[in-house]
Every structure is written in structure tokens, then in C-alpha cells.
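Step one of this worksheet: look at the structure below.
The values are calculated or read from the model by the stated rules, or taken from the named source; none is laboratory data. Because the structure is predicted, anything quoted here is derived from the model rather than measured. Here the Cβ positions follow ideal geometry from the backbone for every residue, glycine too, while neighbour counts run over all protein chains shown. All accessible areas refer to the heavy atoms of the entire protein, side chains included, with ligands and DNA or RNA removed. Shrake-Rupley method; radii C 1.70, N 1.55, O 1.52, S 1.80 Å.
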Amino acid sequence: MKSRRVADLLQSTETGIDVFLKGWVRTRRGNKQIAFIAINDGSIIHSIQVVAEIEKFGDELMKSITTGACIAVKGKLVASQGQGQSVEIQAGSIEVLGGADETYPLQKKGHSLEFLREIAHLRPRTNTFGAVLRMRHHMTFAIHKYFNDRGFFNLHSPIITGSDAEGAGEMFQVTTLDFDKLPRNPDGTINYKEDFFGKATNLTVSGQLEGELGAMALGLVYTFGPTFRAENSNTPRHLAEFWMIEPEMAFYNLKDNMDLAEDFLKFLISYALEHCKDDLEFLTNLYDKELLNRLQSVVSQDFKRLTYTEAVEVLSSSNKKFEFPVSWGTDLQKEHENYLVDHFKRPVILSDYPKEIKSFYMKQNEDGKTVRAMDILFPWIGEIIGGSQREENFEKLQARIKEMKIHEEELWWYLETRKYGTCEHSGFGLGFERLMLFVTGMTNIRDVIPFPRTPKNAEF
């Protein structure tokens with residue numbers, strides 16, 4: 001007999017049939033005659049109840065059926081006599097596939113999220129992280145579905161790179177050089193010609209630049225992969241390893257870019273509401289009572305659009321005392337972003353930022369002061385998407401690279417796309433873990449990725 005998943009059994013409308021189930025014991029209760037065993041296999045947040053007669057199976061076997069044990073059950077699927085589920089299993093046979101003694105840390109009691117981070121090898125077995133990981137899957141699938149259904153092609157951008165897309169310099173170096181015997185140039189600097197790639201290389205912070213190359217041939221592309229930033233920040237909102245979704249579109253201007261980004265976010269949140277109902281209800285009840293309402297509010301109304309200059313005017317004319325003063329030309333902080341979202345009572349798209357606070361590749365406006373950048377601000381999260389129309393003019397892009405003191409020789413290939421068949425194009429980046437924070441209601445980014453990488457932490 002083939003084993004079946006808990007999700008399948010709980011949704012079954014057929015009873016009185018023989019079934020086979022494998023899973024992990026979440027709880028066990030009962031008396032001297034009958035044991036009620038809750039089994040979960042990860043397919044759904046709910047467990048299914050197995051009813052076992054103690055006398056039938058013997059004390060020795062029943063003692064080994066403890067919280068955390070893995071068991072296989074054959075029995076009959078019957079209508080449940082208790083509340084909370086429609087069916088249960090009357091056990092005919094039980095086999096313990098893997099026992100768990102009293103040291104198993106996930107006993108039936110509340111565990112703090114901080115404690116669960118210390119046992120990341122076991123925390124997927126909890127209801128909370130089972131819900132988060134299932135939702136990561138659904139959001140991953142929804143992202144690919146959205147772009148596939150709209151004619152985009154998935155481009156696999158490199159993880160190892162010789163360039164810094166953001167120009168921030170916070171990158172992890174990749175090398176095979178022996179640190180005890182580093183080759184040196186005559187001036188004492190490291191001779192990277194002796195390294196594996198013959199030059200200094202790093203883990204990528206973005207697939208954008210390579211995405212632009214793909215867009216110049218395929219029209220509509222997107223990358224979805226791991227990115228890395230060596231920022232020594234131990235906040236609840238930063239990771240050293242995270243995932244980015246970065247579409248790049250030929251023939252798109254800034255408005256096209258904003259339209260796509262808004263539609264994309266609404267699709268993803270609608271998908272979560274439709275396909276993650278049980279997990280969302282659990283997370284709402286346990287962690288964030290406003291989660292479902294917040295998700296519904298995003299998909300039910302248009303995003304507010306205004307320029308950076310208009311946003312500064314709104315902030316400056318408010319009576320609120322900000323920790324960081326607001327003035328034109330300064331980067332907006334999270335407190336400013338939250339105020340704007342609360343002020344307009346909806347997500348906000350800001351555009352046309354001062355060029356001095358944005359990256360070299362963003363298209364310059366005619367005023368000479370601003371660039372065609374756009375950020376999408378979400379309730380509670382702040383910035384969730386950042387993007388721009390890209391500078392397609394060779395001379396302007398080259399001048400901006402020199403102005404920002406970026407090594408032009410490292411980006412010769414990027415510049416060449418502006419020499420050969422250049423065109424108007426745009427793109428944006430969505431941090432996957434920031435999306436996951438928003439759709440799950442979790443408050444620490446370490447709790448929406450299976451194995452977080454942060455300063456001084458690369459366990460598991």
C-alpha cells in the first residue's frame with residue numbers, strides 16, 4: 001500500500017477505507033486504554049489524529065511513540081469523533097521508524113523564536129516554520145508563474161563576479177590563494193593574476209547588470225537567485241545571504257516599470273491569500289492579528305505615486321518630529337517611509353530621486369539633478385522594491401562611472417551594450433526575504449529563511 005500525505009487525508013471525503021501514513025509525532029495524549037497521537041508530515045499545518053488501543057499494541061511499543069518520533073501507521077480512515085477535524089485514523093498497525101527520547105527539544109510547550117534559531121536543524125518541524133517554509137515555496141512558484149505567463153525568460157546570472165553592481169564595496173571575496181603564501185606584486189599588493197580566475201572576484205550582490213545584457217537580446221528577462229552582502233549589520237532586517245528577484249525589460253520606461261512592479265506585488269500577495277490560507281490563518285492568530293487585513297488592503301487599492309521632491313514636501317510640512325531630519329538631497333530613512341505609507345494609507349511609489357544618492361546606472365533626468373529611480377514602500381516593511389529606468393546613453397553612463405570613481409575597465413562589457421543597439425530599458429529588484437516578512441507577518445528576517453547567514457553566524 002502506498003503511503004498518503006496528511007493534507008490528502010484531511011481533505012478526503014471518503015471514509016471507511018484502509019490508509020497508510022508516515023510522519024512525525026507532534027503530541028500524544030490519552031489514558032491507560034487509548035492513545036491519541038497527532039501525526040504531521042509537513043504537507044499541511046494541521047496534524048491528523050491516530051487513535052490506538054494500548055492493549056492491542058502493548059506498553060513497550062506505545063512508550064516509544066513519543067513527541068518527535070517518526071512512525072508509520074496503517075489503519076482505517078473514519079469520521080472523527082472529536083472536534084477540529086473531520087477524519088481520523090483507527091490504527092491497525094504502528095511501526096516506529098525513528099525514535100526520539102526525552103532530550104528532543106521541541107516538546108509540547110511554547111518556544112521563543114530566539115531559541116528556535118539556535119536549533120535551525122529542527123525548527124522546520126514546528127508549526128511556525130513549517131508555515132513559513134511552505135509559504136516560501138508558494139511564493140517562489142508564484143514568482144516563476146507570473147513572469148512565465150507574461151513572456152519573460154528566466155536568466156541564470158553568475159554568483160561569482162568581478163564587478164560590484166551597487167558600487168558599495170560590501171562584498172565577499174572569492175579566492176583560492178593560500179593566505180600563508182600570498183603572491184605579491186613588486187609594490188607589495190596581492191597579485192591576483194595568480195588566483196583561480198586571474199583577477200579579484202567576489203560573491204555577487206545583484207544579478208542586475210547581467211540581466212540587462214539578457215534583456216538586450218531576449219527583451220524580457222528575470223533573475224532569481226542568491227545574493228550576498230558583507231555588511232556587518234546584526235539587525236532584524238539584514239542578512240549576509242539573501243535571494244533577489246530582478247526583472248529587466250527592454251523598451252520599458254519608468255512608468256512601465258512602476259506599472260509592472262505594482263502588478264507583480266499584487267499578484268504575489270493575491271496568490272498567497274488564495275493558496276496559503278491555513279498557514280496565513282495560523283500566523284495571523286499567533287503572531288500578527290492584522291496580517292490578513294494588511295494583505296487584503298494592498299491588493300484592494302492602487303498604490304500612491306509621487307516624486308521624491310513631493311515626498312520631502314509632505315514630510316517637511318508634517319508636525320512630526322523625526323529622529324533623522326528631512327531635507328532635499330538626503331536619503332529617506334525607514335521612519336520617513338513609514339510616515340508616508342501611514343499618511344496615504346496605502347503602499348507608496350516614490351520616483352525621481354536625487355542622483356547623488358542613487359546608483360551609477362540610473363537614467364538621468366533633464367534637470368541634471370534627479371534620476372528616473374523608483375522605490376515601492378509597503379506598510380511596516382518600508383522599501384520592498386527598488387528600481388529605475390537604466391541609462392542607455394553611452395556618454396552619460398561613462399561620465400557617471402568616472403564621476404563615482406568606479407573602475408571603468410571592470411565594466412567595459414556593460415558599457416558596450418550602450419554602443420551596439422542600445423535602447424530604452426528598465427528593471428527593479430525585489431528582496432525575497434522582505435517579501436516573506438510582509439506576507440508572513442514575522443518580524444525578524446532570520447525567521448523567513450531556512451538557514452540565516454549573519455555576522456559571526458554560519459551554522460547549519
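Tabulated results
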{"item": "Positions within segment 343-376 being aromatic (Phe, Trp, Tyr) and either touching a Gly at 6+ places or on another chain (Cβ under 6 Å) or under 22 Å from Gly211 (Cβ atoms) (or both), in sequence order", "result": "Tyr353, Phe360, Tyr361"}
{"item": "Failed condition for Lys456, given (1) open to solvent by less than 60 Å² (accessible area, probe 1.4 Å); (2) closer than 24 Å to Ser233 by Cα", "result": "(1)"}
{"item": "Candidate set: segment 188-215, residues that are of a type in the set (S, T, N, Q), over 25 Å from Asp447 (Cβ atoms) and in contact (Cβ under 8 Å) with a residue 40 or more places away in the chain; chosen: the one surrounded by the most Cβ atoms within 10 Å (Cβ to Cβ)", "result": "Gln208"}
{"item": "Top-ranked residue of segment 428-444 - restricted to ones that are in contact with a Pro (Cβ under 8 Å, 6 or more places away or on another chain) and open to solvent by 10 Å² or more (accessible area, probe 1.4 Å), ranked as farthest from Ser270 (Cα to Cα)", "result": "Asn444"}
{"item": "Of the criteria (1) surrounded by 18 or more Cβ atoms within 10 Å (Cβ to Cβ); (2) in a loop (DSSP other than H, G, I, E, B); (3) modelled with pLDDT of 95 or more, which one Leu177 fails", "result": "(1)"}
{"item": "Unique match (being in contact (Cβ under 8 Å) with a residue 60 or more places away in the chain, in contact with a strand residue (DSSP E or B) (Cβ under 9 Å, 6 or more places away or on another chain) and open to solvent by less than 20 Å² (accessible area, probe 1.4 Å)) among Ile143, Ile159", "result": "Ile143"}
{"item": "Filter result (open to solvent by 30 Å² or more (accessible area, probe 1.4 Å) and more than 21 Å from Glu55 (Cβ to Cβ)) within segment 21-40", "result": "Lys22, Trp24, Arg26, Thr27"}
{"item": "Evaluation of Glu459 against (1) at pLDDT 95 or above; (2) within 22 Å of the chain's Cα centre (by Cα); (3) not in a helix (DSSP H, G or I) (one fails), failing number", "result": "(1)"}
{"item": "Residue list for segment 386-407, restricted to those being farther than 15 Å from Asn365 by Cβ and either of a type in the set (Asp, Glu) or open to solvent by less than 10 Å² (accessible area, probe 1.4 Å) (or both)", "result": "Gly387, Glu395, Ile401, Glu403"}
{"item": "From the options Leu239, Leu260, Leu218, Leu268, residue that is out of contact with any helix residue (DSSP H, G or I) (no Cβ under 7 Å at 6 or more places or on another chain), hydrophobic (A, V, I, L, M, F, W, C) and open to solvent by less than 50 Å² (accessible area, probe 1.4 Å)", "result": "Leu260"}
{"item": "Checklist (1) within 23 Å of Ile245 (Cβ to Cβ); (2) surrounded by fewer than 22 Cβ atoms within 10 Å (Cβ to Cβ); (3) in contact (Cβ under 8 Å) with a residue 40 or more places away in the chain; (4) over 22 Å from the mean Cα position of the chain (by Cα) applied to Ser351, failing item", "result": "(2)"}
